[in-house]
Amino acid sequence: MDEDILHKLEGRLGPLHARQRLAIETVHEAQIFGHGLLSFHIENWYPVHSVVRNALKLTGLYWRGRRNTESILVKRNDVVFKELPQLFDGFTILHLSDMHVDMNEAAMQRLIELVGDMRYDLCVLTGTIGEESWTV
């Protein structure tokens, strides 16, 4: 993992939680991609990647998909409640959805640029984070 990204992750989560999160992702990746001689997964067969990539390039869908993943939308929604406790006045939630972090490093770098200086009280990750849909 890029040391700069690790440093930023540790800055947001703290060293202990950042390393725990990375350990969870490592275990999850092993479950998805399999390990051992009897765990064959088609996505691990190297030629499959190039066949799919080239087919998408021939149809033009590859470049369209790359552009779509790099078009990150930042939207601000202000929510007003009449009886909001004073403690929550100005409370900010950063919601990141459908990031597909394993698909496009350029999109993740763009995301870092967009949210890197943002100040928020809570960050929520939902949707398709990697290969499976889940909510944290």
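Throughout, read-outs are computed from the coordinates displayed, never taken from laboratory work. No experiment lies behind these values; they were computed from the predicted model shown. All Cβ positions, glycine included, derive from the backbone under ideal geometry; neighbour counts span all protein chains shown.
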Estimated distance in nm for a label pair at GLU83 and LEU114, the labels positioned 7 Å out from Cα along Cα-to-Cβ:
3.6 nm
Interchain or sequence-distant (5+) residues whose placed amide H lies within less than 5 Å of the amide H of HIS95 are VAL124
